[in-house]
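As structure tokens, the structure follows; a few thoughts come after it.
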Amino acid sequence: MSDSGIEQIMTLAPVIPVIVIDRVEDAVPMAEALVAGGLRVLEVTLRTPAALDAIRAMKRVPGAVVGAGTVLNPRMLKDALDAGSEFIVSPGLTDSLGEAAVASGIPFLPGVANASNVMMGLDMGLGSFKFFPAATSGGIPALKALAGPFGGVNFCPTGGISAATAPEWLALEPVRCVGGSWVVPAGPLDPVRIEALAKEAAALRT
Ligand SMILES: O=C(O)C(=O)C[C@H](O)[C@H](O)COP(=O)(O)O
């Protein structure tokens, strides 16, 4: 099973901030605040027009490992690669995206919500998955049940996780990290608040 480095990225911090960025000017101060707080792995969702330029800008911040999220198809994968993304995350897994991502060799964290999704990923040679949407796909009992038949698979649960609930997820054996948007609240950029939230999240490792 080849993981193309995603497993190592998943161990760099207990929480991957899921970032929705509207203003490219915010990218560097946002990334600096997250890294200063101890969260080095940054997922910039390709949901906004500013996202690709934000990835380019954030990569200049020392210590930051910057990836693209919400990668839905091979065209978005190409955009993410062209912007210099160091890993990619998708909410689900399709043949077209999976094949293109594996062929590119980039560390890839596809979303799975059930056993069939995991089996499809394993067939592609993948071994690390985002469990999404974690809270509403059965929560911790569902992930525990999924982990049974898939020994050795790593998970990053994401979706509906907060600072309060993250420790329960991080305590599970196959969970390397969790993803969440709570570290970068919507609204005007507040680097002091982001750094404080990042520090709190970075301390969650069990
Ligand atoms: O955009 C994507 O690719 C996604 O898969 C969705 C995000 O990971 C979740 O929206 C984060 O969930 P919250 O922490 O509950 O806000």
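The values are calculated or read from the model by the stated rules, or taken from the named source; none is laboratory data. Predicted, not measured: the structure shown is a model, and the values here were computed from it. As a convention, Cβ positions derive from the backbone with ideal geometry for all residues, glycine included, and neighbour counts pool all protein chains shown.
So the values come out like this:
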| item | result |
| --- | --- |
| Residues located in region 45-69, provided they are touching a Ser or Thr at 6+ places or on another chain (Cβ under 8 Å), assigned to a strand (DSSP E or B) and more than 10 Å from the ligand (Cβ to nearest atom) | Val66, Gly67 |
| Unique match (being of a type in the set (Lys, Arg) and modelled with pLDDT under 95) among Arg205, Arg176 | Arg205 |
| Search result, residues across region 103-123 that are buried (at least 17 other Cβ atoms within 10 Å of the Cβ), of a type outside the set (Phe, Trp, Tyr) and either out of contact with any helix residue (DSSP H, G or I) (no Cβ under 8 Å at 6 or more places or on another chain) or assigned to a strand (DSSP E or B) (or both) | Leu109, Pro110, Gly111, Val112, Ala113, Asn117 |
| Condition broken by Gly179, with the remaining ones in (1) surrounded by 17 or more Cβ atoms within 10 Å (Cβ to Cβ); (2) in a helix (DSSP H, G or I) satisfied | (2) |
| Pair list, Cβ under 7 Å, 6 or more apart: region 70-93 residue more than 14 Å from the ligand (Cβ to nearest atom), other residue assigned to a helix (DSSP H, G or I) and of a type in the set (Lys, Arg) | Ala83/Arg56; Gly84/Arg56 |
| Boolean, Leu93 is buried (at least 18 other Cβ atoms within 10 Å of the Cβ) and not in a helix (DSSP H, G or I) | yes |
| From the options Val35, Val102, Val20, Val89, residue that is under 17 Å from Leu197 (Cα atoms) and in contact with a Gly (Cβ under 7 Å, 6 or more places away or on another chain) | Val35 |
| Flag for Val102 being away from the ligand (no atom under 16 Å from the Cβ) and farther than 18 Å from Ala51 by Cα | yes |
| Search result, residues across region 70-90 that are touching a strand residue (DSSP E or B) at 6+ places or on another chain (Cβ under 6 Å) and in a helix (DSSP H, G or I) | Ala80 |
| Any chance Leu126 is touching a Gly at 6+ places or on another chain (Cβ under 8 Å) and either in contact (Cβ under 8 Å) with a residue 60 or more places away in the chain or surrounded by fewer than 17 Cβ atoms within 10 Å (Cβ to Cβ) (or both) | yes |
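The rows are residues; the columns are (1) within 13 Å of the ligand (Cβ to nearest atom); (2) of a type in the set (Gly, Ala, Ser); (3) within 17 Å of Ile9 (Cα to Cα); (4) not in a loop (DSSP other than H, G, I, E, B).
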position: Gly151; (1), (2), (3), (4): no, yes, no, no
position: Cys156; (1), (2), (3), (4): yes, no, yes, yes
position: Gly160; (1), (2), (3), (4): yes, yes, no, no
position: Glu168; (1), (2), (3), (4): no, no, no, yes
position: Val184; (1), (2), (3), (4): yes, no, no, no
position: Pro188; (1), (2), (3), (4): no, no, no, no
position: Ile194; (1), (2), (3), (4): no, no, no, yes
position: Ala201; (1), (2), (3), (4): yes, yes, yes, yes
